[in-house]
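The structure appears below as structure tokens.
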Amino acid sequence: MIIIEGLRLAPGQDPASLKGRAAKLLRRRESELLSLRILRRAIDAREEPVWVYTMAVRVRREDAVLPRGGQRRMGAQRLLRPEPSPPYRLPESIPALDPPPVVAGAGPAGLFAALVLASAGLRPILLERGKPVEERRRDVERFRLTGVLCPDSNIQFGEGGAGAFSDGKLQTGTRDPRHRFLLETLAACGAPPDILIDAKPHIGTDFLFPVLQNLRHRLTALGTDLRFGHTLEDLRETEGRVSELTVRGPEGTYALPCKALILAPGHSARDTFSMLQGRGVPMEAKPFAVGVRIEHLQADCDAAQYRAFAGHPGLPPASYKLSCHVSGGRGVFSFCVCPGGEVVPAASEPGGVATNGMSPYARDGTNINGGLLVGVTPADFGGDGPLAGIGFQRRLEQAAYALGGGGYHAPVQRVEDFLSGVPSEGPGRVLPTYRPGVTWTDLHACLPPFLTAALREALPLLGRKLRGFDSPDAVLTAVESRSSSPVRILRDSDTYQSPLEGLYPCGEGAGCAGGILSAAADGMRAAEHLCASFQETSASS
């Protein structure tokens with residue numbers, strides 16, 4: 001096999017023409033190409049926007065094209081031999097455990113931890129405080145329409161975790177053989193097949209719902225006991241090991257024997273963190289980021305990125321990734337950018353406003369929104385102890401709720417007014433998408449001075465990197481406070497276990513990962529370590 005990197009197509013050109021281009025590059029007739037497969041595609045918009053493809057090609061007499069172990073550059077293209085990359089293999093089957101392992105949390109980490117355990121024949125119990133995604137979807141829409149919050153079924157809690165109501169981004173900065181397995185599993189469950197080749201794959205909220213249902217069916221077919229509406233309320237230990245869980249279910253509270261618990265709580269499981277602290281489970285406060293959502297017209301972002309090609313049907317809606325450092329060394333950066341999307345209410349507790357972004361697969365909405373975040377550390381939290389970051393989040397969310405006037409209305413402000421320090425009285429060209437509603441005001445009244453100062457300094461700097469980012473009519477919506485977990489549950493790097501034996505913290509909520517793909521892979525690793533632990537125990541007994 002030969003890898004061809006750097007094959008470029010103009011927007012609208014038929015990808016079928018890649019075969020002819022590859023044949024010409026290899027100096028072969030098209031009929032001599034035994035196979036041709038797209039491995040990756042990405043948009044390069046630095047000059048005129050083009051699609052850039054990486055292809056895997058098989059030809060007769062490959063050594064005549066590329067000497068073994070070598071590579072060649074041919075203009076903007078490069079030919080090389082792929083490095084062997086063994087596929088991910090699930091753990092081998094092991095004897096069923098009594099009691100069965102328990103997974104708490106059905107976000108990406110918990111779902112794929114359960115899949116690994118179930119594939120090994122362990123028939124895990126999967127506890128999720130929220131509802132199946134089809135019921136959860138109705139609760140979220142009711143909240144957006146009426147402002148009536150369901151504390152256990154919302155954008156944070158329920159099947160799929162917080163990532164189910166986002167853009168379904170599957171990007172990661174790490175290389176892990178599990179990532180391909182994850183993408184292939186999601187595609188087999190109904191995700192768009194493009195996620196297997198896109199450099200920045202996304203599923204979209206609308207596709208995530210059936211994908212999650214199909215993944216649920218796969219889990220139950222493998223013997224997973226999936227319990228929705230069941231909340232982990234307490235755990236007990238015997239001689240330094242987890243021995244029993246207390247679970248609140250629809251029919252009351254019950255005791256669940258447990259010797260192995262994979263804990264994938266999600267970053268908003270504040271009651272779980274409090275319970276763990278009370279039980280002496282080692283945790284620490286960790287840095288994270290807070291700020292606002294910023295909305296622009298998608299057409300303006302397309303024009304800034306694609307210039308004369310803006311609106312071309314062969315190009316996707318443009319996105320961005322921006323960052324800078326401001327006085328004092330704080331980092332300010334974009335986060336979870338949602339082209340063609342909406343700002344959504346992400347509260348999970350009464351009396352607080354939190355926001356997030358969400359977009360469908362088509363990304364065909366009028367606006368683009370993204371988090372505009374400032375890095376914070378435990379020194380900013382105004383308290384001590386592992387839960388100080390949660391207190392900091394709550395104060396921000398409660399201040400935003402009060403400034404919004406109640407009913408989960410979010411406070412908003414035009415960028416021009418924010419930079420001038422005057423309240424906004426209404427929108428300009430950009431209409432806010434947040435529901436249940438917004439209140440035009442001055443965000444300085446709900447954000448701490450260090451945060452507003454960083455944002456005010458960063459906006460013009462980022463506007464120099466992306467034309468129009470600091471547009472006067474861009475809309476800021478407060479507050480974006482749930483970018484990642486403010487807590488890290490400590491675990492051993494070799495065994496993935498907490499000092500409390502039998503407890504395997506994992507995923508974004510445990511402070512061990514960030515984003516859908518990396519959280520899911522972390523859950524898989526936790527399950528692999530659990531399997532390995534019991535395989536060793538079985539072998540020695």
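Worth a mention:
- Restricted to the range 349-378, and to residues there that are surrounded by 24 or more Cβ atoms within 10 Å (Cβ to Cβ) and hydroxyl-bearing (Ser, Thr, Tyr), the residue that is nearest to the chain's Cα centre (by Cα) is 359.
- Taken together, the residues in the range 232-256 that are open to solvent by less than 60 Å² (accessible area, probe 1.4 Å) and touching a helix residue (DSSP H, G or I) at 6+ places or on another chain (Cβ under 8 Å) amount to 3.
- So residue 38, is it under 34 Å from the mean Cα position of the chain (by Cα) and closer than 19 Å to residue 59 by Cβ: yes
- All of 454, 474 fail the test of being touching a helix residue (DSSP H, G or I) at 6+ places or on another chain (Cβ under 6 Å) and surrounded by 20 or more Cβ atoms within 10 Å (Cβ to Cβ), apart from 474.
- Across the range 162-173, the number of residues qualifying as over 18 Å from residue 105 (Cβ atoms) and either crowded, with 18+ Cβ neighbours inside 10 Å or aliphatic (A, V, I, L, M) (or both) comes to 5.
- Yes/no for residue 97 being at pLDDT below 95, open to solvent by less than 50 Å² (accessible area, probe 1.4 Å) and over 25 Å from residue 196 (Cα atoms): yes
- If only residues of the range 392-437 that are of a type in the set (S, T, N, Q) and closer than 18 Å to residue 472 by Cβ are counted, the one that is surrounded by the fewest Cβ atoms within 10 Å (Cβ to Cβ) is 420.
- Residues that are surrounded by fewer than 16 Cβ atoms within 10 Å (Cβ to Cβ) and in a loop (DSSP other than H, G, I, E, B) within the range 174-202 comprise 174, 175, 199, 200, listed in sequence order.
Conditions tested, residue by residue: (1) crowded, with 23+ Cβ neighbours inside 10 Å; (2) within 24 Å of the chain's Cα centre (by Cα); (3) among the small types (Gly, Ala, Ser).
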| residue | (1), (2), (3) |
| --- | --- |
| 488 | no, yes, no |
| 496 | no, yes, no |
| 515 | no, yes, yes |
| 525 | no, yes, no |
| 536 | no, no, no |
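- Count - residues of the range 140-161 that are under 21 Å from the mean Cα position of the chain (by Cα) and open to solvent by less than 30 Å² (accessible area, probe 1.4 Å): 10
- Residues of the range 162-196 that are at positive phi and touching a residue at least 40 places away in the same chain (Cβ under 8 Å): 168 alone.
- Scope the range 203-231; condition free of Cβ contacts under 8 Å to residues at least 60 places away in the same chain and either open to solvent by 20 Å² or more (accessible area, probe 1.4 Å) or closer than 24 Å to residue 271 by Cβ (or both); matching residues: 210, 214, 217, 220, 221
The values are calculated or read from the model by the stated rules, or taken from the named source; none is laboratory data. Since we're looking at a predicted model, the values are computed, not measured. So basically every Cβ, Gly included, is an ideal-geometry build from the backbone, and we count neighbours across all protein chains shown. When the accessible area is computed, the model is the full protein with side chains, heavy atoms only, and any ligands, DNA or RNA have been set aside. Shrake-Rupley method; radii C 1.70, N 1.55, O 1.52, S 1.80 Å.
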